[in-house]
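Working notes, beginning with the structure itself.
The values are calculated or read from the model by the stated rules, or taken from the named source; none is laboratory data. For clarity, every value in this text was computed on a predicted model and none was experimentally measured. For neighbour counting, all protein chains shown are included, and Cβ atoms are generated from backbone atoms with ideal geometry for every residue, glycine included.
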Amino acid sequence: MIIGGVLAFLSLVLVLPMLLSNVGGQGFLAGFLTSLIPLAIVLTAVYFMDRWEPEPRKLLVFALLWGATVAVATTTIIQPFFLTLAPPGSSKTDLLNFLATVEAPIVEEFSKSLGLLLLALLARKYFDGPVDGLVYAFTIAAGFAFTENILYFGRTLVEEEGAGTSFWTIVFLRGILSPFAHALFTGTTGLLMGFAARRWNRGLTVAAFFVGLLPAMFLHNRWNSMGADFLWLYIVVQMPIFFLAVLGFVFLRIAEAKLTRARLGEYAAAGWLTWQEVTLFATGAGRRFAKRWAAQYGRQKVMTDLIRTATALAYTRQRILSGRDLIRLQEDEHRLLERLGQLRATVTA
């Protein structure tokens, strides 16, 4: 968090003047306010994605700030070096096309995914599965798109000298029609890193970072290459990709529930839990029933903590099965079992 805070502050020193110099005060304010729309849409999706095993809010703030400031600053710094790689004698149109289809996919996905790599290496206890990877990736992407949208929206407003047709068109296209574009790109990297992180192997996680950049860059390139055929390609290509992503997440959520049930079942077999408690903690219906029951006695918050502790215990057990860092993980297991007993006594008192 200290590293992230320092980098975010230093990046803001670069990013804020860059935005103001491009769009001015009025453009910045209008871009900021309209950019809140797609940001809210993506973060709402993140909230629902993260409900089964919620990540620490501080780390989600880190991810959001990384995307909104550090990734943008990194992109801004690296971009000039790519200009030297453009074909000699390129026209302005060719140069812009090169930046959009080559530079942007490579530099932006690398910059965003660096935040994922830091989270996976420095906070790996909270980055232990594909859903975690998606949650952090979507949050980073939401932050990046937020700052990028300020630039796009503000610049269009300034060029039109007011909120004209072009302004509302680009707000609709970027803010309503495609708020998940960056999230889907970076989400592929987060997904692969999440699968690797489950093995509790740093080397495998780093390898997944580099491998995961390839589909992210490819999807980003295809998106930026749609050009005049945008609407047609959006309907026949991008929408199916989006629905496949939603379907894939549903399967991941089902897998999460099965994993939780299997690992908690081991504690039930050992006498730490009852099988009825496993059903309450490891199924959506069981969780809803448990919270409704606890709410009748004013103990819903305690029950929520109990469910989260049981889920954390299940995922700690999963990491123990990797056979790595056993001493540290078993200490976490003992702490969670003790906490579980305390919360259970409170909720049933």
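Of note:
- Meets criteria (aliphatic (A, V, I, L, M), without any contact (Cβ under 8 Å) to a residue 24 or more places away in the chain, in a helix (DSSP H, G or I) and not assigned by TED's automatic domain parsing to the domain that holds residue 123) for residue 307: no
- Set side by side, the residues 183, 196, 208 differ, and just one is closer than 30 Å to residue 26 by Cα and within 19 Å of the chain's Cα centre (by Cα), which is 183.
- The set of residues in region 221-269 that are within 22 Å of residue 179 (Cα to Cα) and of a type in the set (Val, Ile, Thr) comprises 235, 236, 237, 241, 246, 250.
- In region 154-169, the condition of being of a type in the set (Ser, Thr, Tyr) and under 22 Å from residue 216 (Cβ atoms) is met by no residue.
- Evaluation of residue 124 against the conditions (1) under 19 Å from residue 192 (Cα atoms); (2) modelled with pLDDT of 90 or more shows that the sole unmet condition is (2).
- Candidates 243, 210: the one that is closer than 23 Å to residue 111 by Cβ and exposed (fewer than 15 other Cβ atoms within 10 Å of the Cβ) is 210.
- From 93, 44, residue being part of a helix (DSSP H, G or I), among the polar types (S, T, N, Q) and either at pLDDT below 90 or crowded, with 16+ Cβ neighbours inside 10 Å (or both): 93
- Output for region 306-349, where each listed residue is among the acidic types (Asp, Glu) and within 27 Å of the chain's Cα centre (by Cα): 325, 332, 333
- Leading residue by the ranking (modelled with the lowest pLDDT) among those in region 65-90 that are of a type in the set (Ser, Thr, Tyr) and outside any helix (DSSP H, G or I): 90
- Condition broken by residue 324, with the remaining ones in (1) in a helix (DSSP H, G or I); (2) within 25 Å of residue 132 (Cα to Cα) satisfied: (1)
- For region 271-289, a tally of residues being among the polar types (S, T, N, Q) and in a helix (DSSP H, G or I) returns 2.
- Among the helices (runs of 4 or more DSSP H) confined to region 191-270, there are none with at least 1 residues that are among the hydrophobic types (A, V, I, L, M, F, W, C) and touching a Lys or Arg at 6+ places or on another chain (Cβ under 7 Å).
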